[in-house]
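Below is one structure, written out as C-alpha cells; the observations come after it.
The values are calculated or read from the model by the stated rules, or taken from the named source; none is laboratory data. Nothing here was measured: the structure is a model prediction, and the numbers come from that model. Cβ: placed from backbone, ideal geometry, glycine included. Neighbour counts: every protein chain shown.
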Amino acid sequence: MNRTLTTLLTMLLAVLNAGGMARAAAGDTVADRVFGHPDFTTFPLTNCFTDPSPDASTICLSGGVAVDQAGTLYVGDFQWNRVLAFQDALTTDAVADRVFGQPDFTSITSGGGPGGLTYPFGVALDNCGNLYVADLNAGSPRVAIYRDPLTTDNLVDLEIHPSDGLFGAYPLDVAVDRAGNLYVSDLNNNRVLEYDRPLLTDTVADRVFGQPDFATTSTAQETCMWAMATTGS
Ligand SMILES: [Ca+2]
Ligand SMILES: [Ca+2]
Ligand SMILES: [Ca+2]
C-alpha cells in the first residue's frame, strides 16, 4: 500500500471515529433491543393463541407501534386485546408499565366501553401525548382515544366510529398530524377518513380519501380486494 493511500485511509478512519460512525452500534441495521421476548433468540414454548400466558413482557400478534416525545413506546397487542406502554423504552427495561384495554397485565378478554378493547392494531400519539387506538371492536368498530394516558387513568375518553351508516368498518390504522388532525384507515370501506382536531371539535369526519364522498364505498374495489385476498390474483 503506498503512502498516499495509507494517509487517506488514516484520515478517513479519524473522521469516522470523530463522528462515532465506526462504532458498531451506531447507524447499523442490527436490532439493539427487543420487546415481547426476553432476548433475540428465545421464543415461548407455548402458542400464545391456544395457551396464552400474558404478562407485562409478552406480546401476542404485535400490531402498530408509536413513540411519544418522552420516549414511551406504545404497541398494539392485537391477539390479547390490549395496548402496552413501555416508558423510557430505550433507557430502562422491556417490561410494560401501563396497559390499556385490560384491567391488568394478565387479563386478555375482548371487550368494549371505556375499559375494553377488541383486536387493537394501529396506535398513534398527538403532540400532547394523547393516545389513539384503532379498535376493531367487532360490535362497534372505533378509534378509542385516551387523554393524557400516562398520568391519568387507562379508560377511553372519546370514541370515533368511522363507518356510521356504512359497510362494516375495519379501522386498521391511525395517524395524527402536528395540528392534531386524525387520519383513520377504514379497510372495509376502501378509504381514509380525516377528522379535524377531534379532541377540540367533534367526532364527525371532515374529509375522505379514496372515495368521491362519505356515502360511497366502491363495491368494485371491494370485490377486487377480496378476490385478491382469497385467490391471490
Ligand atoms: Ca418498563
Ligand atoms: Ca382516560
Ligand atoms: Ca369534524
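Kindly provide the set of residues from region 84-107 that are of a type outside the set (Gly, Ala, Ser) and touching a strand residue (DSSP E or B) at 6+ places or on another chain (Cβ under 7 Å), ordered by number.
Leu84, Phe86, Asp97, Arg98, Val99, Phe100, Gln102, Phe105
Could you check how many residues of region 114-159 are over 16 Å from Asp186 (Cβ atoms) and either of a type outside the set (Gly, Ala, Ser) or modelled with pLDDT of 95 or more (or both)?
So the answer is 27.
Taking interchain pairs and intrachain pairs at least six residues apart, which have beta carbon atoms under 6 angstrom, with the first residue in region 137-161 and closer than 22 Å to Ala70 by Cβ and the second within 16 Å of ligand 3 (Cβ to nearest atom) and hydroxyl-bearing (Ser, Thr, Tyr)?
Listed by first residue and then by second, the contacts come to Ile145/Tyr132.
Could you check how many residues of region 179-208 are at positive phi and within 12 Å of ligand 3 (Cβ to nearest atom)? Outline the logic, then answer.
Taking region 179-208 first, the residues at positive phi are 180, 190, 197.
Checking which are within 12 Å of ligand 3 (Cβ to nearest atom) leaves us with 180, 197.
Counting residues in region 179-208 that are at positive phi and within 12 Å of ligand 3 (Cβ to nearest atom) gives 2.
For region 75-97, name all the residues that are hydrophobic (A, V, I, L, M, F, W, C) and within 16 Å of ligand 2 (Cβ to nearest atom). Break it down stepwise before answering.
Applying the first criterion (hydrophobic (A, V, I, L, M, F, W, C)) to region 75-97 yields 75, 78, 80, 83-86, 89-90, 94-96.
Residues satisfying the conditions are Val83, Ala85.
Restricting region 49-98 to residues that are free of Cβ contacts under 8 Å to residues at least 40 places away in the same chain, under 21 Å from Val184 (Cβ atoms) and part of a strand (DSSP E or B), which is nearest to ligand 3 (Cβ to nearest atom)?
Ranking the qualifying residues of region 49-98, first place goes to Arg82.
Confirm whether Phe100 is within 16 Å of ligand 2 (Cβ to nearest atom), modelled with pLDDT of 95 or more, within 15 Å of Leu150 (Cβ to Cβ) and aromatic (Phe, Trp, Tyr).
For Phe100, the condition - within 16 Å of ligand 2 (Cβ to nearest atom), modelled with pLDDT of 95 or more, within 15 Å of Leu150 (Cβ to Cβ) and aromatic (Phe, Trp, Tyr) - is met.
Given Ala31, Ala18, Ala26, Ala56, which one is loosely packed, with under 10 Cβ neighbours inside 10 Å and modelled with pLDDT of 50 or more?
Details: Ala18 fails: modelled with pLDDT of 50 or more; Ala26 fails: loosely packed, with under 10 Cβ neighbours inside 10 Å; Ala56 fails: loosely packed, with under 10 Cβ neighbours inside 10 Å.
Going through Ala31, Ala18, Ala26, Ala56 in turn, the sole match is Ala31.
Taking the conditions exactly as written (surrounded by fewer than 23 Cβ atoms within 10 Å (Cβ to Cβ), among the hydroxyl-bearing types (Ser, Thr, Tyr), in contact with a strand residue (DSSP E or B) (Cβ under 9 Å, 6 or more places away or on another chain) and farther than 19 Å from Glu194 by Cα), does Thr151 satisfy them or not? Spell out the reasoning first.
Working: surrounded by fewer than 23 Cβ atoms within 10 Å (Cβ to Cβ): yes; among the hydroxyl-bearing types (Ser, Thr, Tyr): yes; in contact with a strand residue (DSSP E or B) (Cβ under 9 Å, 6 or more places away or on another chain): no; farther than 19 Å from Glu194 by Cα: yes.
Spelling it out, it is not the case that Thr151 is surrounded by fewer than 23 Cβ atoms within 10 Å (Cβ to Cβ), among the hydroxyl-bearing types (Ser, Thr, Tyr), in contact with a strand residue (DSSP E or B) (Cβ under 9 Å, 6 or more places away or on another chain) and farther than 19 Å from Glu194 by Cα.
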